[in-house]
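Worksheet for the structure shown next.
What follows is calculated from the coordinates using simple rules that are stated; it is not laboratory data. Since we're looking at a predicted model, the values are computed, not measured. Neighbour counts are summed over all protein chains in view; Cβ atoms, including those assigned to glycine, are modelled from backbone coordinates with ideal geometry.
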Amino acid sequence: MAILIDEKTRVLVQGITGREGRARTKLMKGYGTMVVAGVTPGKGGQEVEGVPVFDSVYEAMEKVGPIDASAVFVPAPLVKAAALEAIDAGVKLLLLVPDRVPIHDVLEIAAHAERKGTKFIGPNTLGVLSPGRAVLGMIGGRPETARQWFRQGDIGVSSRSGGITSAISYYLSRAGFGLSTIVHVGGDAVVGLPHPEVMKLFEQDPQTKMMVMFGEIGTTQEERVADMMERGEITKPVVAFIGGKAAKEGTRFSHAGAIVEGGRGSYASKVERLKKAGAYIAEALMDIPRVVTEVRRKHGLD
C-alpha cells in the first residue's frame, strides 16, 4: 500500500509558477504523480507542464475536484498563509518544502492542522516518494533518476536529512532491497510528522515489513520511537543510524533541529535508548545494507 501517497493521490502545487514549483512539477508528473492543479495568486489561467493554474486553492478545488495533497513551493515568509489556505479548503496532507520558515508560523500551522484533521510534512523537507507509485516534492531530482535509484519493496525509510534520505534509499536499492515509502521528515526543530508519527504509519502499513531510520542529535524524536517500541506500539524491526557522534553538548550539527542540550537529544542517549528498546544500530551509513541483511535473516523476512 505504501504510506501518505500513491498513484491515486490528487496533488496540488502551491507556487507552481515559480522556479522550484515548475521544476518539481515536472519531476512529479514525469514520475507518474497525479498533479491536477497549481495555484499562484494573480497567475490564474496559465498552465505549467500541462497543469492548469488557479488564483486560489478554493478555485482549484471548484474547477478540478477533490485534492488530497498540496506541495508548497513558496518563499518561507508566505508558507503560513499558503498552508492555512490549503487546510481551510480541506486538503488533508501538506508538504512544506522551504527552509527558514519562522518557528512561530510552524506552530500556528500545526495547531490549525490539528483542529482540522490535517497532516503536514516539513518544513525544510525534500518530500515523500513511494517507489513505482508517486513522488511528492523533489526526492530523486529527475524522474529517470528516481525510477533508477529506488526499488519498490517492503522497507520504510524515515530520515531527518534530505541528502541521507536519498543516500540510504539508493544504497538499499543497489543492494537489492525494495522500499515501501521514503519520507524526509524535515530538518527543523518542529516538524509536522516527526519520526514517531511516520513509524506509526509504517507499523500500520501492510506493505512495510521493517523500517530504517536516520536520526541525528537534537530533539527527542528518536527517543520517542524507542518509547513506542517498548510500549509495543512498534513491533516491526527497526534499523537506526544516528548522525552527530562527535558533536559535544551545545554544538549545532547540520540542521536547525539538531542541537545537543542536556541528557536527551545527544548521540549517546539516542543510541542507548534505541538499543535498549530493541532497535538494530548501524554505526555508519555504508553499514546499513549489511545490518538490514542480518535483521531480515533473523526475522525471516527474505
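Things to note:
- A single entry from A76, A111, A81, A69 fulfils the requirement of being touching a strand residue (DSSP E or B) at 6+ places or on another chain (Cβ under 9 Å) and of a type in the set (A, V, I, L, M, F, W, C): A69.
- Enumeration of residues in region 139-162 that are touching a Ser or Thr at 6+ places or on another chain (Cβ under 9 Å) and within 23 Å of L12 (Cα to Cα): I139, G140, G141, G162
- Under the condition of being more than 18 Å from F120 (Cβ to Cβ), assigned to a helix (DSSP H, G or I) and touching a residue at least 12 places away in the same chain (Cβ under 8 Å), the residues counted in region 62-88 number 2.
- Single match in G192, G215 (criterion: over 21 Å from I242 (Cβ atoms) and either free of Cβ contacts under 8 Å to residues at least 12 places away in the same chain or crowded, with 19+ Cβ neighbours inside 10 Å (or both)): G192
- Residue match in region 168-184 (condition: within 23 Å of V101 (Cα to Cα) and among the small types (G, A, S)): no
- When E197, E203, E216 are checked against the criterion of being out of contact with any helix residue (DSSP H, G or I) (no Cβ under 9 Å at 6 or more places or on another chain) and either closer than 20 Å to R297 by Cβ or of a type in the set (D, E, K, R) (or both), E197 stands alone in meeting it.
- When K80, K26 are screened for being under 22 Å from the mean Cα position of the chain (by Cα), charged (D, E, K, R) and farther than 30 Å from K200 by Cβ, only K26 passes.
- Of all residues in region 168-189, those satisfying the criterion of being surrounded by fewer than 22 Cβ atoms within 10 Å (Cβ to Cβ), without any contact (Cβ under 8 Å) to a residue 60 or more places away in the chain and touching a helix residue (DSSP H, G or I) at 6+ places or on another chain (Cβ under 7 Å) are Y170, S173.
- Members of region 186-199 found to be part of a helix (DSSP H, G or I) and closer than 22 Å to A83 by Cα, listed by number: H195, E197, V198
- Apart from one condition, L27 fits all of (1) over 19 Å from H112 (Cα atoms); (2) in contact with a strand residue (DSSP E or B) (Cβ under 6 Å, 6 or more places away or on another chain); (3) part of a helix (DSSP H, G or I); the exception is (2).
- Those strands (runs of 3 or more DSSP E) of region 108-185 in which 1 or more residues are over 18 Å from A23 (Cα atoms) and of a type in the set (K, R) occupy 119-121.
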